[in-house]
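The values are calculated or read from the model by the stated rules, or taken from the named source; none is laboratory data. Quick caveat, the model's predicted, so the values are computed rather than measured. Because the Cβ atoms are built from the backbone with ideal geometry, glycine has one as well, and the counts that use them run over all protein chains shown. SASA here: full protein model, heavy atoms, side chains in, ligands and nucleic acids out. Shrake-Rupley method; radii C 1.70, N 1.55, O 1.52, S 1.80 Å.
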Amino acid sequence: MTDMIALEQLTKNYPGQARPAVDKLDLTIPEGEIVILVGPSGCGKTTTLKMINRIIEPSSGIIRLQGEDVTRADPDELRRRIGYVIQQVGLFPHQTIGRNIAAVPRLLGWSRQRIADRLDELLHLVGMDPATYLGRYPKELSGGQRQRIGVARALAADPPVMLMDEPFGALDPISRERLQNEFLRLQGQIGKTIVFVTHDIDEAIKMGDRIAILREGSTVAQYDTPETVLAAPADDFVKEFIGSGASLKGLGLARVREVSLADWPTSQISAGREAARRALDSSDHGWVLLLDEQRRPVRWVEARALQGEGSLDRVGLEVRAIVEPTATLVGALESMLGSRVGVVVVVDGSGAFLGTIDMRVIMSAVEVMRAAAHKRVLDDRRRVRAGQEPPANAIAAQ
Amino acid sequence: MNFVEYAVENYDRLLELSLDHLAVVLVGLLIGGVIGIALGITVYQRPHLRNAVLNVCGVILTVPSLAMYALLLSLLGTIGAMPVIVALVLYSLLPIVRNTVTGLSGVDAAIVESAKGVGMGRWRRLLSIEFPLAWPVVLVGVRVSAVLLVGVAALGTIIGGPGLGELIFAGLRVITSPNAVNLALLGTLGVVVIGMLLDAAFLLLSRLTTSKGVR
Amino acid sequence: MSDRTLVGDVPPHGEDEAFLGNDDALALVGGTDPTRGTRQPGSRSMSVAVKARRYLGFPAVLALVCVAVGTYVARADLDDVERRLLTFDRIIDATLVHLQLVGISTLAVIVLAVPLGILVTRPAATRLTPVVVALGNLGQTVPSLGVIVLFAILFAPGFKGAVFALVVYAFLPILRNTIVGLQQIDPFLIESARGMGMSNGTVLRSIELPLAVPVILAGVRTAAVINVGTATIGAFTNAGGLGGIIFGGIVQSRTPVIVVGSILTAVLALLLDHVLGVVEEVLRPRGL
């Protein structure tokens, strides 16, 4: 496969800023693929994108389009060969939808008939009825419809390359998912070379044939397929970034009963000090959990407090952090943070000890959830690309 | 003779002077509009130049009209419509330049970027995107200037300019005669009516020339 | 544009100004505004030097112009007529009369129009407000020449008639700016003040008026500068003032006289505009 776009040592310095926004970036974009530039805000991903069509002029370096050095080419000519979609859409409010989409064909001097035919074709392509929408004005459309028109405008003159800067970022989650799916299907038909900027790792995994994870200065931390990025993150930065999805949200949904509980040394109060000491010695924990006759947790005791003789009724700390299996992991986490021992005790309906939850349990639960979430996004993407029905909440456009 | 009778009797003269008045104003406004819009376009992206131009236009507008007319009379060495029109052009500048600048600066940056993104060059972007979007604001500036000029033009009579000021001065000359009030009132109301008509005309023009998409 | 649109020349938050919409006064106010354009939020903490340059720079230029004019009058080869029209006493006298015309009329308008503006914006009178604003718009089309001449004919030519004419002419800008200044205050602000138990009077005194001050002052400034211009026309009705010098020059066809009179009038208008601009900035409530 040939490279559609090649960036060589591309650099952008802003006056008054010590570090370059984009620092000697080398990146090649293969023909017909969606390449996602993703990274934390301020990493230079948008600057990189906007240098490709020279909305932002590079300070140094070379941009090649289909092998041709376009770094010094006429920027207006260049932009007519590159579709451009931005988050704010940027439709011309004083022009009709038809006129908006026809912007580039008109600049290229197409005949009226050819433009009219193309408009029809494009509106069908983005799933909107030409008779209804061509004469409307942007303000008469919904946000999702506007962005469809934005995409249609970018595609108007059939450019080989499209640049998309957070194109679905301003939409509500449902419209966003719908447009993502539609766009992937569309790409299945048109096979453009697409550079797509987002800060949302889930969107990157879903939309990208390849993901470039960027850190500050637009330095490439990893450039690979979504599967590889997920399976083998190049370094801690990547690992952290792909884990930055909505973990806390997941913790609010997952229940205690869904995780495997950690074991903990326990001893019955009635069994006496010696039994408790033995239980503690046989584990590597610093505390032993004392249970009553019904196996209900009563007190936390340290080794120091077990020395000497006498009843165990009053030694150690009262057990306060107790949850039932129906609690959410967020609830468990909160109790844990309030506990001196750093552990939350899980009991059944009758109050009997089931196990404990500590930080490691939470972390492994998060890992599982992340993996599941990424798998879901990957499945979703596979399904959409295979042309199957999208998931339930992404019904075709109204 | 009451005012209405007087107005009817002098209808021909009133009409003639009104048309003269309107003509002077429209010529001044047209020239001022072209210069003002061109200035606005030239300076709106250059902050220092913009402030300088706006300040100069502001100073011009602050100069009392009698002083302006008298200065132009000395400077140009001629009386009649010409110095009056020059004064009107000068006075029209601030509202037009300022609104052109404000209108153009107010265009959404995302729209301008889109226009760049589809490959529109500097001038095409200005002509087909930025200026049409700024147009309603520009037109308000022109309208404000129009109303302003109608009043200022009345004083133009002092340096031989045509228009309704003649009636007002005529009233002043015959201050003791019973017709003095009629003359001055006729001139004053004539100016008011022309001002209101121009105001309405520009409102209408604004509605007719503003795209449905941005109304 | 809504009624909230700023009147006159200075918008409430110091943003880019424009003549927007129906309700904008025809502000004959110009470009010497020290508050215009570059004012930053932190401008109150400007250094003394910056302040001095902003406040005194323009008057210094005007003073230079006056010195130049004075030098010219002293040295130029003037004929008898010119010398008679341009004596030092005449110029000083004309300037003082001019200042009296503007000062008396503007003060009178403030005393009359600001209370009226407060009255018509009280809840009981809200139906009156649009009528007054509409009248204000209509007033913009009335030529100052007509007002001066009509007052001279109907009442008396001379100083008094001119003062009355100026009062009438400057009334609407100040009234309108008072109304708009009071109306543009966020109603939630007033509601929350009332919610804290402030009486109507207290709300007016401690919330509404301070917040309306910048807009009202913009109206005063507009009116005062318009009055400097309109007062020159008083020359035609024997009211005196700097217009008399210009008029004399025109009648006698003496260019030096015309030029001196015109420049002095312009300097007076620009200076007043600048001074009131500084007053506006100084009196603007902190935080606005």
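Structure data summary
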read-out	value
Matching residues, region B:7-34, being open to solvent by 40 Å² or more (accessible area, probe 1.4 Å) and within 12 Å of the chain's Cα centre (by Cα)	B:L22, B:A23, B:L26, B:V27, B:L30, B:I31, B:V34
Options C:L276, C:L242, C:L268; residue that is farther than 18 Å from B:L76 by Cβ and either surrounded by fewer than 24 Cβ atoms within 10 Å (Cβ to Cβ) or free of Cβ contacts under 8 Å to residues at least 60 places away in the same chain (or both)	C:L276
Scope region A:61-116; condition surrounded by 18 or more Cβ atoms within 10 Å (Cβ to Cβ), at the interface with another protein chain (Cβ under 8 Å from one of its Cβ atoms) and free of Cβ contacts under 8 Å to residues at least 60 places away in the same chain; matching residues	A:L78, A:R79, A:F92, A:P93, A:H94, A:Q95, A:T96, A:A103, A:V104, A:L107
Pair list, Cβ under 6 Å, 6 or more apart: region C:135-150 residue within 17 Å of C:L166 (Cβ to Cβ) and at the interface with chain B (Cβ under 7 Å from one of its Cβ atoms), other residue outside any helix (DSSP H, G or I) and open to solvent by 10 Å² or more (accessible area, probe 1.4 Å)	C:Q140/C:L26
Residue selected from region B:180-215 under the condition among the β-branched types (V, I, T) and assigned to a helix (DSSP H, G or I), by the criterion farthest from A:T96 (Cα to Cα)	B:V181
Matching entry among C:V168, C:V111, C:V163, C:V120 (being away from every other protein chain (no Cβ under 14 Å) and surrounded by fewer than 19 Cβ atoms within 10 Å (Cβ to Cβ))	C:V111
Unmet requirement for A:G308, which otherwise passes all of (1) modelled with pLDDT of 85 or more; (2) over 15 Å from A:V341 (Cα atoms)	(1)
C:G243 being assigned to a helix (DSSP H, G or I) and closer than 20 Å to C:L145 by Cα	yes
Scope region A:352-363; condition within 20 Å of A:P265 (Cα to Cα) and either modelled with pLDDT of 90 or more or assigned to a helix (DSSP H, G or I) (or both); matching residues	A:A352, A:F353, A:L354, A:G355, A:T356, A:I357, A:M359, A:R360, A:V361, A:I362
Positions within region C:206-229 being open to solvent by 30 Å² or more (accessible area, probe 1.4 Å) and of a type outside the set (S, T, N, Q), in sequence order	C:I207, C:L209, C:P210, C:L211, C:V213, C:L217
Tally of residues being buried (at least 21 other Cβ atoms within 10 Å of the Cβ) and either touching a helix residue (DSSP H, G or I) at 6+ places or on another chain (Cβ under 8 Å) or modelled with pLDDT under 90 (or both) across region A:193-202	6
Leading residue by the ranking (nearest to the other protein chains (Cβ to nearest Cβ)) among those in region B:121-148 that are without any contact (Cβ under 8 Å) to a residue 24 or more places away in the chain and open to solvent by 10 Å² or more (accessible area, probe 1.4 Å)	B:G121
Single match in B:G195, B:G117, B:G213, B:G151 (criterion: within 9 Å of chain C (Cβ to nearest Cβ), free of Cβ contacts under 8 Å to residues at least 60 places away in the same chain and open to solvent by less than 10 Å² (accessible area, probe 1.4 Å))	B:G195
Residue match in region B:156-176 (condition: in a helix (DSSP H, G or I), in contact with an Asp or Glu (Cβ under 6 Å, 6 or more places away or on another chain) and within 14 Å of B:V24 (Cβ to Cβ))	yes
Every residue from region A:305-346 that is open to solvent by less than 10 Å² (accessible area, probe 1.4 Å), closer than 13 Å to A:L261 by Cα and touching a residue at least 24 places away in the same chain (Cβ under 8 Å)	A:L329, A:A332, A:V343, A:V345, A:V346
Test: residue in region B:82-104 that is assigned to a helix (DSSP H, G or I), within 13 Å of chain C (Cβ to nearest Cβ) and more than 21 Å from the chain's Cα centre (by Cα)	no
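To keep it simple, each residue is scored yes or no on (1) more than 13 Å from the chain's Cα centre (by Cα); (2) assigned to a loop (DSSP other than H, G, I, E, B); (3) among the aromatic types (F, W, Y).
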| site | (1), (2), (3) |
| --- | --- |
| A:A170 | yes, yes, no |
| A:S175 | yes, no, no |
| A:L179 | yes, no, no |
| A:E182 | yes, no, no |
| A:Q189 | yes, no, no |
| A:F196 | yes, no, yes |
| A:Y223 | yes, no, yes |
